[in-house]
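The values are calculated or read from the model by the stated rules, or taken from the named source; none is laboratory data. Because the structure is predicted, anything quoted here is derived from the model rather than measured. Cβ sites come from the backbone with ideal geometry, for glycine too, and all protein chains shown count toward neighbours. Side chains are part of the model used for accessible areas, which takes the heavy atoms of the whole protein and leaves out ligands, DNA and RNA. Shrake-Rupley method; radii C 1.70, N 1.55, O 1.52, S 1.80 Å.
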Amino acid sequence: MREKRVVIQNEIINNFKNPILVLRANYPGEEKNHFVPKYILEIMNEEILKIFNSNIIFQEKINSIEGPTYIYSLKENGRNIKKLAMEIENLHILGRCVDIDVFDKDGYPFSRKDFGGEKRKCLLCEEMAFVCGRNRTHSLKEIQEVIEKKLEEYLKSKKVAENISSSFSNLALKSIILEVAAAPSFGLVAPHTKGSHEDMDFFTFINSGFSLNNYFKEVTLAGFSPLSVDLIFRKIRHMGKIAENDMFKATKDVNTHKGMIFLMGITVALSAKAKFEKLPFSEISTLIKEMCRDILKDFDNIKEKTNLTHGEKLYLKHGIVGVRGIVKNGLDILFLGAIDIFKNSLNKGEHINQAMIRTLIFLMSKLEDTTILHRHNIETLNFVKAKAQELHLTFNEIELDLNLLKEIEKDFINKRISPGGAADLLAVTMFLSFISIYF
């Protein structure tokens, strides 16, 4: 049956002219169609689909006496596919229970030696697996029991992940609903005003927010994992594209939460990663820095581009990197300021609306808000930052004057100012504040 599989592999390579990835269960004995290896294979198939997502242009499943086999044709560099495959085999809880082979578009079978790696080790000892297999060091039953324990370990981890996913996704949704409920909010949409916007209101945001609940669950599950932050990023980036489509369907093509999908998605996923690794709360920032270390490469060779995004245009004109710079620095504006402001307000007994307004003012005073720049100019942005800094210093130790803030809000609305970037960061601040008790 191996010969038949090889023929099919070569046909797929010839038909699509792309590298292929071949996924098989690593299970000893003649009974390759046992429940355990088949179940493991289906779990790992889902992982492959999430990691390679839109790069998979063809998939075929073969059933035979050597067990089921998945073959994927991938529109991606073969060497890169093999590196990712090795990482999955090395880090995933079930990675040792499968074989992931990669063939280049010319049919070349990559090996670990091509990347300076060693052959895979035995499941039971530190010896090379092929040596133990050749010498029959361990019985089939011993190896099968280890694989079954790996599956049990995975299922236990999955149960914990689902509990964390339920909690974190609910708190993410709570945070983005609370953000739009804050008032006065200086030109943002609020329960009784459209602010500086004509195409959206409070109910648009409610619809949009709830459309993202499943997204927050998925990115939590993706983050609660032993996989590297780079592999997690591959997963959630594709999930973010799906979430954007869901948002636009819910809002009838109004962009309410595109920036939030990016910011909250990364934050939720890496909060789950920190929880999985049993890291302290502050290490979420470190993980975000690691994931987003190369994010400013989006601006490389920007002068050669013809169709620039709003963010790219602002970078060319003002050198402002916007939200990319915020995440590259690990959301330090939140971990070194905004979270404490929000928590301290609540700890003093202030209403959560007051805590939100205080935090929003602080964020407005610090942020190079590209939403304001897109609508206006650098002078307007500097005006907003200066006004927010004045308010932050004035009310730092005393109660907020809501009547004064309402007058400022009216002025912002008349000038069509809307600090949308600060609003997104307010929601993320609240989410981080809420989940801090889990660490």
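So the values come out like this:
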quantity	calculated
Cα-based helix-to-principal-axis angle, 420-435 vs the chain, degrees rounded to 10	60
The chain: calculated mean residue ellipticity at 222 nm from DSSP helix runs of at least 4, using -39500 (n - 2.57)	-19000 deg cm²/dmol
Choice from 193, 220, 267 with maximal GNM fluctuation in the chain (Cα, 10 Å cutoff)	193
Sparsely packed trypsin sites (Lys or Arg not before Pro) within the range 1-58, loop by DSSP, other Cβ within 10 Å at most 13	17
Accessible area per residue in Å² at 1.4 Å probe, computed on the chain	48
Along each principal axis, Cα extent of the range 238-289, largest first, Å	41, 15, 13
Long-range tail of P(r) for the chain (Cα pairs > 38 Å, %)	33
Value in Å of the Kirkwood radius, where the range 376-433 supplies the Cα pairs that are averaged	12.8
Kirkwood Rh, Cα atoms: Rg over Rh of the range 120-208	1.51
Volume per residue that the Cα convex hull of the range 333-439 spans, once the total is divided by residue count, Å³	93
Fraction of accessible area attributable to carbon and sulfur, the chain (%, probe 1.4 Å)	50
Amide H within-cut-off set for residue 281, under 5 Å, with H built and near neighbours excluded	none
Length gained when the stretch residue 139-residue 155 is fully extended (0.36 nm per residue, less Cα-Cα span)	3.3 nm
Per residue Cα convex hull volume in Å³ - calculated over the range 177-240	107
